[in-house]
1. Among B:80, B:179, B:59, which one shows the highest mean-square fluctuation when chain B is modelled as a Gaussian network with alpha-carbon springs under 10 Å?
2. Expressed as an acute angle from 0 to 90° and rounded to the nearest 10, what is the orientation of the C-alpha long axis of helix A:124-134 relative to the principal long axis of chain A?
3. What distance in nm separates the two pseudo spin-label positions at residue A:92 and residue B:57, each 7 Å out from Cα along the beta-carbon direction?
4. Report, in cubic angstrom per residue, the convex hull volume of the C-alpha atoms of the range B:1-46.
5. Please report the projected area of the protein assembly as shown's Cα convex hull averaged over all directions, in nm².
6. For the residue pair residue B:223 and residue A:128, what label-to-label distance in nm results when each label sits 7 Å from Cα along the Cα-to-beta-carbon direction?
7. What is the distance in Å between the Cα centres of the range A:170-202 and the range A:100-126?
8. Given a Förster distance of 30 Å, report the FRET efficiency between residue A:150 and residue B:165 from their Cβ-Cβ distance, rounded to the nearest 0.05.
């Protein structure tokens, strides 16, 4: 199967958890709710309602959905959280370090002539701030936000938008993510896929395996470089 | 706003949590993972992947997705759970009691000539077993499963299928659920909506309010009966 894949011309990176380490945000949410699962519950509710909005043709910004679902999480856990505290917690999303393998691997991909872009459910403004803070902006030809198509991943529109803007065929592009639900969307439009096994990320057993299942971006570089 | 609503001819009930009390299942999952949030994390992951499948035009049965996401939850929480234990846990879904208000309220709706159906993400076979176990089958004109359209709520298809089978206009039907994501789907196709505020269920603040927000079905009956 892998033999028949083209060498990808374009690498499309998911941002949160795939490139950036969310631990700082996770810790803040766990501390403010005094609950070790509060982050998991919130992030899962956030993704759920982003999908609900896409399915029912609504659209609020990812930050607004983030705040609304943080409020829901607090209520579910029987905690109180002030609006100020919600805002300051959510703002941590723009102050996250990259995972340790990221900078080095991006540099290698770039010097081997891969085209590199990012595609995130976050806003255009947020992803710019994130990449600047993480000091990895220079590696990206372009930062795409689904904001421009008002439809969240894993809707086909989100991926098709990147492919169409760059005039690249789906089979020549690879989606790289730590989230199986994101890869399900990429696969559905015909992209190649790579699952990055970040700690706490588990593959969805009913989804056809990703083309590559790797520990980190360093390993992905080695595998692609050998092809 | 409410004055302009027709008296609903058809009441479409969601099943899990809305009619049936999931505590037995919740307890079993919490015990087997020794974790008080394991059920929340699982149920949220289950809904998330049911939506992912609909969005990406895949389809596995709700029970299969339930088992797969229970396995993912175990792995995320660093626990082991055997296939036998997964199967026996999931099978508890057919042995749930109704919430205390349910039987009485259904009887009142029926004797006041409301047409009553159920619409569930669970399979046809499961919902039949559930209603028999809960001893409330007799109140339902028909039990609808999204299995028949291979697309999970909140996709429009799921609701439109019920309306089209019964030849009822959306505005003459009311969707009754304890889950805001379900009501978002009903609203999107033009149905009236009622949110049942079951314990632990929190409304999604970015969704336009349901036509009725009530504590239980008894209160819903009283409100509708006054119109």
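Just so it is clear, none of the values below were taken in a lab; they were calculated from the coordinates. Quick caveat: nothing in here was measured; it's all calculated off a predicted structure. Cβ atoms come from the backbone with ideal geometry, glycine included; neighbour counts cover every protein chain shown.
1. B:80
2. 80
3. About 4.1 nm separates the two model spin labels.
4. Numbers: hull volume 5.3 nm³, N = 46.
Expressed per residue, the convex hull around the Cα atoms of the range B:1-46 is 116 Å³.
5. In nm², the orientation-averaged hull projection of the protein assembly as shown is 21.7.
6. Output for this residue pair reads 4.4 nm.
7. Each part's Cα centre sits 15 Å from the other's.
8. The computed FRET efficiency comes out at 0.40.
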